[in-house]
1. Please enumerate the residues belonging to segment 165-182 that are open to solvent by 40 Å² or more (accessible area, probe 1.4 Å) and not charged (D, E, K, R).
2. Looking at segment 183-206, I want the residues that are more than 16 Å from GLY27 (Cβ to Cβ) and have a partner that is open to solvent by 10 Å² or more (accessible area, probe 1.4 Å) and of a type in the set (Asp, Glu) with Cβ atoms under 6 Å, at least 6 apart or on another chain. Which pairs are those?
3. If you go through segment 155-162 one residue at a time, do you hit one that is of a type outside the set (Lys, Arg), surrounded by 15 or more Cβ atoms within 10 Å (Cβ to Cβ), under 13 Å from LEU35 (Cα atoms) and at pLDDT below 90?
4. Cβ contacts < 6 Å: first residue on the phi < 0 side of the Ramachandran plot, restricted to segment 73-87; second residue not in a helix (DSSP H, G or I), any location; separation 6+ or different chain. Result?
5. Condition check: within 20 Å of ASP62 (Cβ to Cβ) and at pLDDT below 90. Does ALA209 satisfy that?
6. Out of segment 6-40, which residues are modelled with pLDDT of 60 or more, open to solvent by 30 Å² or more (accessible area, probe 1.4 Å) and among the polar types (S, T, N, Q)?
Amino acid sequence: MTPEPTMPPPRREPRRAHTEQLRFPVGSVVLLAGLPGAGKSTLLARLYGLNGDETEPVVAGDVRVVDSRQARNWWARFLGPVPSRARTPLVHTTHVLRITRAVLRGHAVVAHTRGTWPHILHGFAWLARRRGRDLHLILLDTPPQTARAGQYSRGRVVTTATFARHCRRWRLLVRRARAGGLPPAASVTVLDRSAADRLADIRFDVLPADRAS
């Protein structure tokens, strides 16, 4: 007897934000990714009232908002004239550890991250699952020339070679997202610059599927 052919799993399409609000399950880990200079910190500052001079993650109700500027500001108090290139590994490690700590403590998290480092996404997805939570990605898909201008405006410009490497990895990440090929994430939302400007709120008020009645 010939077995019936099995159907492939449905393709998961990224969602594009057409409204001013994004909603996620309670306790989720939401990572905001984009090219250097794409506007990730600017978006977090607008949504959560950050001043840009914070040195620790910001508490917003049950949510922990973790921006890499917080770690950069914390280290700036001790490193003085140390060149930016030497500071970067310390800042990045501190930032990752702060996100990890917030996830382990069971908080909902909204954090800026380097989406061009896939192992970071996989690591946080694994950690979220270990805590019974899901990882959700928001991809801030800004044109490279706009992101480059953003670097100059903030006064932190990565080298041409480094930025080109980020751009290559970013194109691959967005392509995979559009093809439904990002297994670490429970959902992927792609925001262009205009959609990011319209976004007014990120809410954690949806019951996870296993708890919904």
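1. Applying the first criterion (open to solvent by 40 Å² or more (accessible area, probe 1.4 Å)) to segment 165-182 yields 165, 168-169, 171-172, 175-176, 178-179.
If the condition is that a residue be open to solvent by 40 Å² or more (accessible area, probe 1.4 Å) and not charged (D, E, K, R), then LEU172, ALA179 are the ones that fit.
2. VAL190/ASP141; ASP192/ASP141; ARG198/GLU20; ALA200/GLU20
3. Taking segment 155-162 as the starting set, the residues that turn out to be of a type outside the set (Lys, Arg) are 155, 157-162.
Now drop any that are not surrounded by 15 or more Cβ atoms within 10 Å (Cβ to Cβ), which leaves 157-158.
From what's left, under 13 Å from LEU35 (Cα atoms): 157-158.
With at pLDDT below 90 added as a condition, the list becomes 157-158.
Taking every residue of segment 155-162 in turn, at least one turns out to be of a type outside the set (Lys, Arg), surrounded by 15 or more Cβ atoms within 10 Å (Cβ to Cβ), under 13 Å from LEU35 (Cα atoms) and at pLDDT below 90.
4. Close Cβ pairs satisfying both conditions: ASN73/THR55; TRP74/THR55.
5. Numbers: within 20 Å of ASP62 (Cβ to Cβ): yes; at pLDDT below 90: yes.
Yes: the conditions hold for ALA209.
6. Listed by number, the list holds a single entry, GLN21.
The values are calculated or read from the model by the stated rules, or taken from the named source; none is laboratory data. Just so it is clear, the model here is predicted, and its values are computed rather than measured. Using ideal geometry, Cβ is built from the backbone for each residue, glycine included, and neighbour counts are taken over all protein chains shown. Only protein heavy atoms, including side chains, enter the accessible area calculation; ligands, DNA and RNA are left aside. Shrake-Rupley method; radii C 1.70, N 1.55, O 1.52, S 1.80 Å.
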